[in-house]
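Peer 1: The following block contains the structure, expressed as structure tokens.
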Amino acid sequence: MQREVQRYGVPLEQPVRVELGPELDEQPPRMAATPNMLDVMWWSLKMRWWVGDVTDGKEPIEPDVRIFVRYHNPDDFLLLEDSVGVRKGMYGIVNAYASRQYRGSNNVILAHEFLHTIGASDKYDPASRQPLDPIGLGEPGRVPRDPQRYAEIMGGRIAVSRTAATVPESLQQVLIGPETALEIKLIDSLEAWR
């Protein structure tokens, strides 16, 4: 965040402060496997109650955003559930692998979900997971277009072709694109940035 805030010329010395909360034994409510609108609304209500129940009064400071990380054994070869960041309620749940090998990609997912809580929207096709062109690309004006060197954080992946993309290995491989910068209020307009 510090690097990207500086890149956009925003005079913030410390744009984000991260404090680790206590370890929790309790799991958050689960979403239905194929949720309908009512399932999503019910889950959202249960999540808000759960977040308040497991955190209120248990932290030395009152955080603006709460991100919960559920670590999974990478040797189990699990396909992890999607992580989620919710603006209304300012919380996120990240499913991550418990291994130093995945530290960088876990941090990318954490940053992605954090940005959802402060207003950023996804910039990838939900069916293919391919970054949207141009707003989901780290370098939309690159010639030739592919392969990209960076991912747009909300695009989620580095486009290597029009049909293939890779997961960034660290935050060094991601950028905040202008559309995301506008959504999270780093800039006032796209025209001013371009």
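Peer 1: I need the full set of residues from segment 48-67 which are closer than 30 Å to GLN2 by Cα and assigned to a helix (DSSP H, G or I), in order please. If you could, list the steps in order and put the result at the bottom.
Peer 2: Residues of segment 48-67 that are closer than 30 Å to GLN2 by Cα, as a first pass: 48, 51-52, 54-67.
Residues satisfying the conditions are ARG48, VAL51, GLY52, VAL54, THR55.
Peer 1: Continuing with the same structure: Could you grab me the full set of residues in segment 68-84 that are closer than 15 Å to VAL108 by Cα, modelled with pLDDT of 90 or more and part of a loop (DSSP other than H, G, I, E, B)?
Peer 2: SER83
Peer 1: Just the residues that are buried (at least 17 other Cβ atoms within 10 Å of the Cβ), not acidic (Asp, Glu) and not in a loop (DSSP other than H, G, I, E, B), please, taken from segment 167-192. Quick ask: steps written out before the conclusion?
Peer 2: At the first step, the residues of segment 167-192 found to be buried (at least 17 other Cβ atoms within 10 Å of the Cβ) are 168, 171, 173-184, 186-187.
Restricting the remaining residues to those that are not acidic (Asp, Glu) gives 168, 171, 173-178, 180-182, 184, 186-187.
Of everything in segment 167-192, those that are buried (at least 17 other Cβ atoms within 10 Å of the Cβ), not acidic (Asp, Glu) and not in a loop (DSSP other than H, G, I, E, B) turn out to be LEU171, GLN173, VAL174, LEU175, PRO178, THR180, ALA181, LEU182.
Peer 1: What number of residues within segment 108-166 satisfy the criterion of being part of a strand (DSSP E or B) and either modelled with pLDDT under 95 or exposed (fewer than 15 other Cβ atoms within 10 Å of the Cβ) (or both)? It would help to see each step written out before you state the result.
Peer 2: Of segment 108-166, the ones part of a strand (DSSP E or B) are 124, 131, 137, 151-152, 158-159, 165-166.
Subsequent filtering for residues that are either modelled with pLDDT under 95 or exposed (fewer than 15 other Cβ atoms within 10 Å of the Cβ) (or both) retains 166.
Residues that pass the stated criteria total 1.
Peer 1: To continue, here is another question. Hey, LYS88 hits all of (1) more than 28 Å from ARG48 (Cα to Cα); (2) of a type in the set (D, E, K, R); (3) in contact (Cβ under 8 Å) with a residue 40 or more places away in the chain but one; which does it fall short on?
Peer 2: (1)
Peer 1: Within the set of pairs 6+ apart or on separate chains, which have a first residue in segment 3-31 that is part of a helix (DSSP H, G or I), a second that is among the small types (Gly, Ala, Ser), and C-beta atoms under 8 Å apart?
Peer 2: Within 8 Å, the pairs are GLU4/ALA181.
Peer 1: Return yes or no: is GLN14 over 16 Å from ILE118 (Cβ atoms), at pLDDT 90 or above and among the polar types (S, T, N, Q)?
Peer 2: Details: over 16 Å from ILE118 (Cβ atoms): no; at pLDDT 90 or above: yes; among the polar types (S, T, N, Q): yes.
Judged against the criteria, GLN14 is not a match.
Peer 1: Does ALA164 satisfy being closer than 26 Å to VAL86 by Cβ and outside the structural domain of ILE67 (by TED's automatic domain parsing)?
Peer 2: Criteria not met by ALA164.
Peer 1: Go through segment 91-136 and report how many residues are touching an Asp or Glu at 6+ places or on another chain (Cβ under 6 Å) and of a type in the set (A, V, I, L, M).
Peer 2: Qualifying residue count, segment 91-136: 3.
The values are calculated or read from the model by the stated rules, or taken from the named source; none is laboratory data. In this text the structure is predicted, and so the values were computed from the model without any measurement. Quick reminder, even Gly has a Cβ in these numbers, built from the backbone with ideal geometry, and neighbours come from all protein chains shown.
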